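The values are calculated or read from the model by the stated rules, or taken from the named source; none is laboratory data. Model, not experiment: these values are computed from the prediction. We place every Cβ from the backbone using ideal geometry, glycine too, and count neighbours over all the protein chains shown.
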Amino acid sequence: MEVRTSLKILLCTGIFPPQPGGPATYTALLAEALSKRGHRICVITYGESSMVKAYPFPVIYIRRSVLKPLHYFRYFRAARKHGAKADVIYAQDPVSSGYPASLAARSLKKPFVLRVPGDYSWEQAYGRKLTDLSIDDFQLLRSFPRPIARIRGLQISACRSADVIVTPSEYLKRLVVGWGIKESKPQVIYNSIPALPDIGRDQARQELGFADDDFVVFSAGRSVPWKGFSLLREVVSDLSKKDSRYRLVIQNDAPRSDILKNLRACDVFILNSGYEGFAFILLEAAAMGAPIVTTTSGANPEVISEGKNGLLITYNDRSELEAAIEKLRNDPGLRMRLADEAKKLLGVFAEERMINETEGVLLKCAS
């Protein structure tokens with residue numbers, strides 16, 4: 001059997017920088033790292049070609065349509081064209097890129113690796129108000145609303161087509177196995193983050209207009225219901241009535257540079273989320289020295305340990321959220337200790353490890 005050391009890799013993704021979000025960050029980091037190691041990379045993503053910056057590899061943009069079958073077909077056609085000479089196709093989600101990429105891989109008889117960063121069917125059901133169940137309770141349903149059943153069918157079909165599935169957490173691996181996928185197929189490769197800019201805390205606070213005695217509470221993420229921003233606004237508003245020095249900043253679609261600056265400037269970072277497959281921003285908060293409060297939901301406890309490198313609360317629990325913020329407000333020593341311990345996460349979730357493990361999966365799959 002031929003052992004390859006250099007591959008032609010087609011990376012299929014739904015989003016890519018400058019679009020914000022963890023999947024975009026992950027794909028760009030992976031593509032550039034693999035390119036530096038001598039692999040020939042091609043990226044397919046949705047978007048407009050005017051968005052592209054200079055990369056050492058081609059980026060193919062697929063225009064979205066209001067008719068999803070149409071842009072899935074466009075994506076399939078591009079994946080089939082550019083996958084013809086690839087040694088392996090690696091899709092970054094099981095629906096928007098993964099489903100058309102899986103069809104292309106099957107038609108080309110190419111090795112297919114699929115990354116599953118979450119349950120898209122639950123996200124759509126929750127976002128469309130078709131369910132109020134948590135993601136864990138949602139998995140127990142035996143039937144789903146028709147549009148959600150269709151989405152769920154697509155993601156499970158892509159999973160079944162994959163030679164290997166990559167999940168960024170043990171939590172998501174369990175979820176995928178619960179869809180009827182063989183336990184041997186998913187492999188956990190934890191996320192990592194690239195080196196971040198060195199930003200001085202005093203400078204960041206000054207540029208953002210915070211006074212020395214302001215207590216800055218920061219949160220960021222997509223504007224989706226399970227991120228818990230509404231309750232956070234209410235809690236900080238109530239706290240501000242007792243202490244006018246509280247400042248709340250929430251960013252949804254801000255540039256990454258702005259998010260990093262706020263992480264460096266803030267006194268506490270809050271991720272009051274009902275679900276996380278693996279939150280890039282927890283690693284970014286740790287790297288920027290922000291004390292972290294997050295929930296026991298999803299993969300968060302795989303990153304944050306209660307009282308060691310952060311505080312864990314129940315999702316959307318008003319009393320726990322308020323108590324955690326006040327606890328850190330009143331104990332600067334605790335804030336410093338938690339932030340120092342959280343920085344050690346960067347060694348555990350190192351970029352080199354993530355690249356090595358992913359490269360190993362792709363090489364093995366293509367051999």
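Every test in (1) aromatic (Phe, Trp, Tyr); (2) crowded, with 17+ Cβ neighbours inside 10 Å; (3) part of a loop (DSSP other than H, G, I, E, B) is passed by Phe57 save one, and that test is (2).
The condition (being assigned by TED's automatic domain parsing to the domain that holds Thr314, farther than 22 Å from Ser273 by Cα and among the aromatic types (Phe, Trp, Tyr)) is satisfied by just one residue among Phe210, Phe215: Phe210. Could you check, for the range 91-102, whether at least one of its residues is crowded, with 22+ Cβ neighbours inside 10 Å and under 24 Å from Leu260 (Cβ atoms)? Yes. Here Ser230 does not fit the description of being at pLDDT 95 or above and in contact with a Leu (Cβ under 8 Å, 6 or more places away or on another chain). When the range 345-362 is limited to residues that are within 15 Å of Pro194 (Cβ to Cβ) and among the acidic types (Asp, Glu), the one that is surrounded by the most Cβ atoms within 10 Å (Cβ to Cβ) turns out to be Glu351.
When Gly307, Gly333, Gly289, Gly360 are screened for being modelled with pLDDT of 95 or more, not assigned by TED's automatic domain parsing to the domain that holds Tyr246 and not charged (D, E, K, R), only Gly360 passes.
Evaluate the following for Ile181: is it more than 27 Å from Ala350 (Cβ to Cβ) and of a type outside the set (Gly, Ala, Ser)? Answer is yes for this residue. Looking only at the range 173-200, which residues are modelled with pLDDT of 95 or more and within 23 Å of Arg256 (Cβ to Cβ)? If the condition is that a residue be modelled with pLDDT of 95 or more and within 23 Å of Arg256 (Cβ to Cβ), then Ile189 is the only one that fits. Is it the case, given these coordinates, that Arg329 is within 15 Å of Ile270 (Cβ to Cβ) and touching a strand residue (DSSP E or B) at 6+ places or on another chain (Cβ under 6 Å)? Here the answer is yes, as Arg329 does meet what is asked. Taking the conditions (1) in the same structural domain as Lys343 (by TED's automatic domain parsing); (2) of a type outside the set (Val, Ile, Thr); (3) not in a helix (DSSP H, G or I) in turn, Glu234 satisfies each one other than (3).
Looking across the range 324-344, just one residue is more than 27 Å from Asp243 (Cα to Cα) and surrounded by 19 or more Cβ atoms within 10 Å (Cβ to Cβ), and that is Ala342.
Any chance the range 104-117 includes a residue that's part of a helix (DSSP H, G or I) and basic (Lys, Arg)?
yes
Of the helices (runs of 4 or more DSSP H) that lie entirely inside the range 142-224, those containing 2 or more residues that are surrounded by fewer than 16 Cβ atoms within 10 Å (Cβ to Cβ) and touching a residue at least 12 places away in the same chain (Cβ under 8 Å) span 146-161, 201-208.
Within the range 225-254, restricting attention to residues that are without any contact (Cβ under 8 Å) to a residue 12 or more places away in the chain and under 14 Å from Glu322 (Cβ atoms), the residue that is surrounded by the most Cβ atoms within 10 Å (Cβ to Cβ) is Ser240.
Applying a threshold of 6 Å to beta carbon distances and a minimum spacing of six or more residues, or different chains, the list of pairs starting in the range 264-281 at a residue that is in contact (Cβ under 8 Å) with a residue 24 or more places away in the chain and in a loop (DSSP other than H, G, I, E, B) and ending at one that is of a type in the set (Val, Ile, Thr) and surrounded by 24 or more Cβ atoms within 10 Å (Cβ to Cβ) reads Ser273/Thr295.
Can you tell me which residues in the range 296-311 are farther than 16 Å from Gly277 by Cα and surrounded by fewer than 19 Cβ atoms within 10 Å (Cβ to Cβ)?
Ser305, Glu306, Gly307, Lys308
In the set Leu239, Leu140, Leu175, only one residue is more than 28 Å from Leu114 (Cβ to Cβ) and of a type in the set (A, V, I, L, M, F, W, C); that residue is Leu239.
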